[in-house]
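> Attaching a single structure in structure tokens format; questions to follow.
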Amino acid sequence: MHIRFITTGGTIDKVYFDELSQFEVGESQMEHMLREGLVQFDYDIVPLMKKDSLEIADFDRTVLRDFIAADDGTHYVVTHGTDTMPETAKVLSRLEGKTIVLTGALTPARFRTTDAMFNVGMAVAAVQTLEPGVYIAMSGQVFKAGAVRKNRAENRFETTTGRS
């Protein structure tokens, strides 16, 4: 099975700039994480955009959806910022015949203590085992698109209807 990773930015790829005293989206860490994880499956990485999820607009979601719709792949892991991940998942849920798992991180992948590796691993497992559809893999759980929200107060994802 071939997995196409599409990077869009978000906290998973953020870098701390001392001179600015803030975080900005930097180069994707996906290649590094996959190499470090010693993965044994075929994959490629498409760096589609480098945006904080609060900067991702409907136009960007359309670009992502159109790319996947026109692509010949069937299995995708999309790295995305967590704040608007559920909105992007809903837009992608209109696609048929493809298994798409969105994931990200609550702390940058470059940090020593990060949830990035775990979340990417969950997404890889999910994309290989789930039926076609759109999902979010975060914090050890997999949620169906349209039935998940980010609880910003608790800094976690949770189902909105029933159990995912």
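The values are calculated or read from the model by the stated rules, or taken from the named source; none is laboratory data. Just so you know, these numbers come straight off a predicted model, no measurement behind them. Counting neighbours? That spans all protein chains shown, and the Cβs are built from the backbone with ideal geometry, glycine included.
> Among the residues in the range 104-112, are any touching a His at 6+ places or on another chain (Cβ under 9 Å) and under 21 Å from Phe67 (Cα atoms)?
Yes, the range 104-112 contains a residue that is touching a His at 6+ places or on another chain (Cβ under 9 Å) and under 21 Å from Phe67 (Cα atoms).
> Can you name the residue in the range 34-59 that is outside any helix (DSSP H, G or I) and among the aromatic types (Phe, Trp, Tyr) and is also farthest from Val91 (Cα to Cα) among such residues?
Step one: filter the range 34-59 for residues outside any helix (DSSP H, G or I), giving 37-52, 56-57.
Checking the rest, the ones that are also among the aromatic types (Phe, Trp, Tyr) come to 41, 43.
On the way: Phe41: 28, Tyr43: 24 Å.
Looking at residues that are outside any helix (DSSP H, G or I) and among the aromatic types (Phe, Trp, Tyr), I get Phe41.
> Something else: Kindly list the number of the only condition in (1) modelled with pLDDT under 90; (2) hydrophobic (A, V, I, L, M, F, W, C); (3) in contact with a strand residue (DSSP E or B) (Cβ under 7 Å, 6 or more places away or on another chain) that fails for Phe118.
Tallying (1) modelled with pLDDT under 90; (2) hydrophobic (A, V, I, L, M, F, W, C); (3) in contact with a strand residue (DSSP E or B) (Cβ under 7 Å, 6 or more places away or on another chain), Phe118 fails exactly one: (3).
> From the list Thr82, Thr62, exactly one residue is closer than 16 Å to Thr103 by Cα and either touching a residue at least 40 places away in the same chain (Cβ under 8 Å) or in a helix (DSSP H, G or I) (or both). Which is it? Steps first, answer last, please.
Working: Thr62 fails: closer than 16 Å to Thr103 by Cα.
Of Thr82, Thr62, the one residue that is closer than 16 Å to Thr103 by Cα and either touching a residue at least 40 places away in the same chain (Cβ under 8 Å) or in a helix (DSSP H, G or I) (or both) is Thr82.
> Continuing with this model, one more query. If Lys150 passes every condition in (1) in contact (Cβ under 8 Å) with a residue 60 or more places away in the chain; (2) of a type outside the set (A, V, I, L, M, F, W, C); (3) part of a loop (DSSP other than H, G, I, E, B) but one, which one does it miss?
(3)
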